[in-house]
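Worksheet: one structure, shown below.
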Amino acid sequence: MYNNLNISRKGIAKRSLSITCGIAALLIAVGCADNSKDAQTTPQPSAAVEQSRNTADDPGAKGALNAGIQAVKDTSSLELTMALKQDITVDGETSSMTMKNSGSVVLEPLAVKQKTENDYMGEKSAVDSYLTSDGYYMYDPAAKAWSRMLADEVPKIKATLSDFQIAPAKELERIMPYAESFRSSLSDGSLVLDYKGSGSDKAADALVRNLLRSTMGIDDMEARVRDSIKVSKLDYRLVFEEKTGMLKQLVADAEMTIEYDPGNPSTLKQSLTIDYSKWNEAEPVIVPEEAKNAPEVMPLDQGLIDALGEEGLEEFNP
């Protein structure tokens with residue numbers, strides 16, 4: 001992804017954050033809630049949670065993770081909201097990006113509705129989007145215009161979806177090998193798992209890289225860049241509802257260095273918060289008719305970005 005080393009270092013920072021912003025807008029889909037309270041769909045305490053409550057007040061990190069996996073593994077829909085902030089410092093100059101998402105996810109068949117707000121160094125943008133089996137549709141509130149992605153691009157967009165929203169049980173399973181690194185506690189009806197690390201252990205490196213797969217698409221990075229990542233700090237928190245085992249919140253603050261330019265590490269600070277709710281209660285995702293008839297557009301891929309360069313990219317997408 002970051003294979004053009006001839007651009008300016010300031011350009012690297014801008015591209016790194018703006019590309020991250022675009023990736024995250026696709027990766028993290030978040031939700032609208034159903035206000036109805038159907039007793040049949042209200043999450044009930046899982047067997048793992050009931051067992052943990054019978055054996056101890058605090059089941060510990062492994063117990064909480066096991067209960068969470070059992071509680072969410074058969075989820076049909078959910079609501080989540082996400083806030084992402086990234087600051088990248090290159091040669092003493094810091095560039096910042098924030099992104100906020102809200103929306104809903106229905107898992108079978110897969111359908112996503114979201115609102116996304118981006119802010120790169122004061123340059124703000126927003127988009128409403130729908131992803132269904134039929135296509136990917138976008139609404140620009142500023143232009144008051146709909147567009148839809150080329151049909152051939154839709155499978156690629158679906159492939160970028162993160163397990164944070166479409167398979168949360170898998171995310172918890174990835175954390176399980178490092179459960180012993182988390183401290184567990186009970187607080188106001190919640191089971192809370194906390195990890196604080198300096199980056200010197202395997203847990204910090206593995207947990208951060210898993211986060212970066214969703215927020216920066218590191219699997220698509222040049223291997224040299226990906227291997228240069230060094231974690232210096234990680235604070236990671238998972239909050240579960242004690243009665244049901246359902247995941248309520250994920251908060252991760254990380255600091256690391258990345259060498260886009262060999263021998264010249266950039267410093268990246270990233271804060272990610274995801275709030276989960278309305279498990280199995282999300283409303284159906286219905287695409288507006290005007291979106292279905294909107295003109296088709298093609299995405300900016302990395303080859304085109306590299307060909308345009310920083311100034312050309314600004315002219316292409318002011």
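Keeping to segment 131-174, report how many residues are closer than 27 Å to Val208 by Cα and of a type in the set (S, T, N, Q).
3
Filtering segment 92-135 down to residues that are of a type in the set (D, E, K, R) and over 23 Å from Ala294 (Cα atoms), which residue is modelled with the lowest pLDDT?
Here the residue is Glu108.
Consider Ala126 carefully, then state whether it is under 14 Å from the mean Cα position of the chain (by Cα), farther than 30 Å from Glu242 by Cα and of a type in the set (A, V, I, L, M, F, W, C).
no
Go over the candidates Asp152, Asp194, Asp235 one by one and state the one that is modelled with pLDDT under 95 and either farther than 20 Å from Thr75 by Cα or part of a strand (DSSP E or B) (or both).
Unique residue meeting the criteria: Asp152.
In the list Asp128, Asp220, Asp235, Asp201, which residue meets the criterion of being surrounded by fewer than 17 Cβ atoms within 10 Å (Cβ to Cβ), touching a residue at least 12 places away in the same chain (Cβ under 8 Å) and in contact with a Phe, Trp or Tyr (Cβ under 8 Å, 6 or more places away or on another chain)?
The match here is Asp235.
So that you can scan it fast, the table gives a plain yes or no per residue for (1) under 17 Å from the mean Cα position of the chain (by Cα); (2) loosely packed, with under 14 Cβ neighbours inside 10 Å; (3) part of a helix (DSSP H, G or I); (4) modelled with pLDDT of 90 or more:
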residue	(1), (2), (3), (4)
Arg209	yes, no, yes, yes
Phe240	no, no, no, yes
Ala252	yes, no, no, yes
Lys269	yes, no, no, yes
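Scan (1) surrounded by fewer than 19 Cβ atoms within 10 Å (Cβ to Cβ); (2) over 21 Å from the mean Cα position of the chain (by Cα); (3) in a strand (DSSP E or B) for the single condition Glu180 breaks and write down its number.
(3)
Met256 - would you say it is of a type in the set (A, V, I, L, M) and either at pLDDT below 90 or closer than 20 Å to Lys62 by Cβ (or both)?
In short, no.
Can you say whether Thr257 is part of a strand (DSSP E or B) and in contact (Cβ under 8 Å) with a residue 40 or more places away in the chain, as far as the supplied structure shows?
no
Looking at Glu93, is it out of contact with any strand residue (DSSP E or B) (no Cβ under 6 Å at 6 or more places or on another chain), free of Cβ contacts under 8 Å to residues at least 40 places away in the same chain and more than 29 Å from Val192 (Cβ to Cβ)?
In short, no.
The values are calculated or read from the model by the stated rules, or taken from the named source; none is laboratory data. All figures in this text were calculated on a predicted structure; none of them were measured in a lab. Positions of Cβ are backbone-derived with ideal geometry, glycine not excepted, and every protein chain shown enters the neighbour counts.
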